[in-house]
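Heads up: the structure comes next, in C-alpha cells.
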Amino acid sequence: MRTRYICASCGTVHEIKLSRWKCGCGGMLDLDFDRGNIDPAAWPEYPASIFRYAETMPLEHGEWSPVTLGEGQTPLIVLDDTPGVTYVKVDYMMPTLSFKDRGAAVLMAKANALGACKVIADSSGNAGTAIAAYAARCNIACDIYLSDATSPKKVAQMKAHGAGIRQINGTREDIAAAAQQAVAGEGVFYASHVYNPYFYEGTKTYAFEIFEELRGAPDTLIVPVGNGTLLLGAYYGFKELMDSGVIERLPKIVAVQAANCAPLAQAFECGESVAAPVQNSGTLAEGIAIAAPARAPQILEAVRETGGEFISVEESEIAGARREMSEKGFYVEVTSAANYAGYLKYGKTEDETLVIPLCGAGIKSE
Ligand SMILES: Cc1ncc(COP(=O)(O)O)c(C=O)c1O
Ligand SMILES: [Zn+2]
C-alpha cells in the first residue's frame with residue numbers, strides 16, 4: 001500500500017519518514033492513500049480491539065501486533081431513553097483509561113514500523129499517558145512534555161510506564177514549542193496526536209464501533225473538543241462509511257468547549273473558517289484547554305458540514321455535570337464531564353438518537 005503525507009494547506013506531497021511532521025509551509029499533514037471501499041460485513045471477529053479494522057488503516061500486515069494493548073471495542077449503553085435515545089460510549093474502559101489509546105496504538109505502531117528508537121510528545125495529560133504506555137509496550141524510549149499543572153495521577157501513570165517527564169511552567173503552546181525544539185535537537189520521532197495523522201486513523205474507529213453497535217449511524221454525536229482528535233477521528237470514520245455507501249448521511253456533530261477556553265466555539269459563532277487564539281482564563285477541563293488548536297480549520301469545517309453546532313460550558317456547569325454522572329454510576333474525569341454538561345444544555349428532540357463519549361476515567365483527575 002503506497003501511503004504518503006499531503007499538506008492540508010498547500011497540497012505538497014511528502015514521503016513518510018521519521019523526521020517529517022509538518023509541511024515546509026507550516027501546514028498540517030494528512031494521509032494520502034487508497035482508502036478503498038469499506039465493507040463492515042468483512043470485518044473479522046479477531047482481534048477484539050481497534051485492529052479488527054486494520055484493513056482500513058495505512059499499516060502493513062501485522063504492524064500493529066507488537067503494539068496493541070487490547071484497546072477499543074468499548075460498550076455503548078443506554079443512558080436515557082426519553083425523549084429519543086441517548087447512549088454513552090464508555091471509552092474510559094481502555095488500557096490507559098481514555099479514548100486516546102485508539103490514536104496512540106496506531107501512531108506507535110507506525111513509529112515502531114519506521115524503526116523509531118525514541119519518541120517525544122506534548123500533551124495535556126491523556127495523550128501523553130497513552131503514548132507512554134504504547135511506547136513501553138514496543139520498547140521505545142519516550143519523553144512527554146507537560147504543564148506543571150497536569151493532574152498528578154496522569155503524571156504518575158506516565159512515570160510508571162518509564163517515560164521521561166518534562167514539566168513546564170507555561171501555556172499549552174509553550175509546551176508544544178518546547179517539545180518541537182527537543183524533537184529537532186535530538187532528531188527523534190514527534191509522536192504528536194495533533195500533528196501526526198496516523199493518530200486519526202485510530203480515533204476513526206470510534207465511528208466504526210458505534211456503527212456496529214447501533215447497526216447504523218446515530219443522528220447526533222456530542223464530543224468535547226480541544227485539539228479535535230476525537231472529533232476529527234469520528235468525522236473521518238463516519239465519512240469513510242458514507243463514501244463507501246454504508247450509511248446515507250453523517251451524524252450531526254455537536255462540539256463542546258469550556259467557556260473559559262473556547263477559541264473554536266467563538267470562531268464558529270462568528271462564521272470564521274479559522275480560529276484566532278484566545279487567552280485560557282482557566283478551566284478544570286484540562287483535556288480541552290487548548291487556546292490555539294492547530295487543526296482549527298478542519299474542525300470548523302467538519303462541524304459545519306454535518307450541520308452541527310458548538311456549545312460552551314461554564315465551570316459550575318462542569319462540576320455539576322460530574323457530580324450528576326457519578327450519581328448515575330459513571331465516574332468520569334472533569335474533561336469528560338464538560339461534555340455531559342454540554343449535553344444537558346443541548347436541545348434533544350423526541351426522535352433523536354444521540355451518542356456521547358465518556359472519554360476519560362474519573363480516577364485520572366482530582
Ligand atoms: C478525557 C478527554 N476528553 C477529551 C479530550 C479532547 O481531545 P482533543 O484535544 O483531541 O479534542 C481530551 C484531550 O486530552 C481528553 O483527555
Ligand atoms: Zn504545505
Of all helices (runs of 4 or more DSSP H) completely enclosed by segment 233-350, which ones contain at least 3 residues that are under 19 Å from the mean Cα position of the chain (by Cα)? 263-269, 296-305, 334-345
Being open to solvent by 20 Å² or more (accessible area, probe 1.4 Å) and either over 29 Å from residue 19 (Cβ atoms) or free of Cβ contacts under 8 Å to residues at least 12 places away in the same chain (or both) is the filter here, so list the residues in segment 182-236 that pass it. 184, 185, 211, 212, 213, 214, 215, 217, 219
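Go through segment 156-179 and give me each residue that's β-branched (Val, Ile, Thr), touching a Leu at 6+ places or on another chain (Cβ under 8 Å) and either open to solvent by 20 Å² or more (accessible area, probe 1.4 Å) or not in a helix (DSSP H, G or I) (or both).
Filtering segment 156-179 down to residues β-branched (Val, Ile, Thr) leaves 165, 168, 171, 175.
With the extra rule that they be touching a Leu at 6+ places or on another chain (Cβ under 8 Å), the set shrinks to 165, 168, 175.
Correct list: 165, 168.
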Considering (1) open to solvent by 60 Å² or more (accessible area, probe 1.4 Å); (2) modelled with pLDDT under 95, say which one residue 73 fails and leave the rest. (2)
Of the conditions (1) under 30 Å from residue 4 (Cβ atoms); (2) in contact (Cβ under 8 Å) with a residue 60 or more places away in the chain; (3) under 21 Å from the mean Cα position of the chain (by Cα); (4) assigned to a loop (DSSP other than H, G, I, E, B), residue 64 fails just one. Which one is it? (2)
Would you point out which residue out of 319, 294 is open to solvent by 40 Å² or more (accessible area, probe 1.4 Å), out of contact with any strand residue (DSSP E or B) (no Cβ under 8 Å at 6 or more places or on another chain) and either more than 13 Å from residue 224 (Cα to Cα) or of a type in the set (Lys, Arg) (or both)? 319
Considering every residue within segment 139-153, establish whether at least one is within 27 Å of residue 45 (Cα to Cα) and either open to solvent by less than 10 Å² (accessible area, probe 1.4 Å) or assigned by TED's automatic domain parsing to the domain that holds residue 341 (or both). no
What number of residues within segment 7-25 are open to solvent by less than 50 Å² (accessible area, probe 1.4 Å), within 12 Å of ligand 2 (Cβ to nearest atom) and at negative phi? 3
Among residues belonging to segment 106-132 that are in a loop (DSSP other than H, G, I, E, B) and either closer than 14 Å to residue 203 by Cβ or open to solvent by less than 20 Å² (accessible area, probe 1.4 Å) (or both), point out the one that is farthest from ligand 2 (Cβ to nearest atom). 125
The listed residue being at pLDDT 95 or above, more than 29 Å from residue 51 (Cβ to Cβ), not in a loop (DSSP other than H, G, I, E, B) and not charged (D, E, K, R), out of 207, 182: 182
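How about segment 1-46: which of its residues are of a type in the set (S, T, N, Q) and either within 16 Å of ligand 1 (Cβ to nearest atom) or free of Cβ contacts under 8 Å to residues at least 24 places away in the same chain (or both)?
9, 12
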Filter pass, residue 286 being acidic (Asp, Glu), within 16 Å of ligand 1 (Cβ to nearest atom), over 19 Å from residue 355 (Cα atoms) and not assigned by TED's automatic domain parsing to the domain that holds residue 37: yes
For residue 83, which of the numbered conditions (1) assigned by TED's automatic domain parsing to the domain that holds residue 217; (2) outside any loop (DSSP other than H, G, I, E, B); (3) touching a residue at least 24 places away in the same chain (Cβ under 8 Å); (4) open to solvent by 30 Å² or more (accessible area, probe 1.4 Å) fails to hold? (2)
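The values are calculated or read from the model by the stated rules, or taken from the named source; none is laboratory data. All figures in this text were calculated on a predicted structure; none of them were measured in a lab. Positions of Cβ are generated from backbone atoms using ideal geometry, with glycine treated the same way; all protein chains shown enter the neighbour counts. In case anyone asks, the SASA skips ligands and DNA or RNA and just uses the protein heavy atoms, side chains included. Shrake-Rupley method; radii C 1.70, N 1.55, O 1.52, S 1.80 Å.
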